[in-house]
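Okay, structure first, notes after.
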Amino acid sequence: MRDSDIERVVLKPRVLIPFAVWQKIMAYILNCPVEINGFGVIEVGPFGVVVQDVFILQQFATPTGVETDQGTLDRFVAEMARTGGNPGLIKFQWHSHVSMPAYFSGVDTANIERWPGDWLISLVANKRGEFSCRLDVLRPIRVGIDIHPEIVSTIPMVTMEIAAHEVATKVRQAGFLRRSVPVTDGRPVVPSTHGLDLEEIEFVEQEPRSER
C-alpha cells in the first residue's frame, strides 16, 4: 500500500476560553500601554482543555518586549502549592503585542523552549482583539501545532441547578426513568452508553406498550 492510499486523520486538541476569561485577558491588554505577559490555570476535561483563569505577576515591559520576574513566579508557585493548589495546572501563557500583529516572534518561541513543564498552550493577542495560539509538547518528544481556541459562553451554576430541577420535575421520557435504562425480556436495552456512568445505571422493567 502506498502512503498516498492511507487516509491520515489529524486531531487537534480543543482549547476552550470562557468569555469571562477572554474579557480579563483583553482588559489587561487594553489597560497596558506596553507589552504585558500573564499565565493561566487550565483543566483538561471531556470537551478539551479549558482555561479556568488568568493572572499577571510583577514584570518589566517595554513597547516591544516583556519579562516576568522569575523570583516572583517561583514564589507564586510555592505559595500556590502551600495553600493546596496545583502548580502543575499552570500550562497557559499569554502576552500582548500591543497594537502590532499577533504572531509568535523568535523571542516568543525561544521563551516557549525554556518552559520547564512537559507542554504549554501559548497565546499572543493585541489591542484589536486579534490573536494567535499554539500548543507545544516539549517532552518526551517535541511537537508544535497551531490551534484556534474557542471563546465560549459559560452557564452560571445557579441557572444549571434551576434548569436541572425543572427538567427532573416536568419532563417525562417515554419508556425511560431518570438515570435508568429499560429492561425488556430480562435484558437491558441501551441505545447508547456514550456519556453514561455504567456503575450508576439503574436497570428497570419497561412498561409494555399498548397495541392500538
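Here, each number is a calculation from the coordinates, and none is a lab measurement. Quick caveat: nothing in here was measured; it's all calculated off a predicted structure. So basically every Cβ, Gly included, is an ideal-geometry build from the backbone, and we count neighbours across all protein chains shown.
Data table
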{"read-out": "Residues of the range 38-70 with amide N under 15 Å of a point placed 7 Å along Cα→Cβ from V158", "value": "none"}
{"read-out": "Amide N of the range 123-153 lying under 11 Å from the label point, which is placed 7 angstrom from the Cα of K12 along Cα→Cβ", "value": "133-135, 145-150"}
{"read-out": "Lysines with Cα under 25 Å of K24, excluding same-chain neighbours fewer than 8 positions away", "value": "K91, K127"}
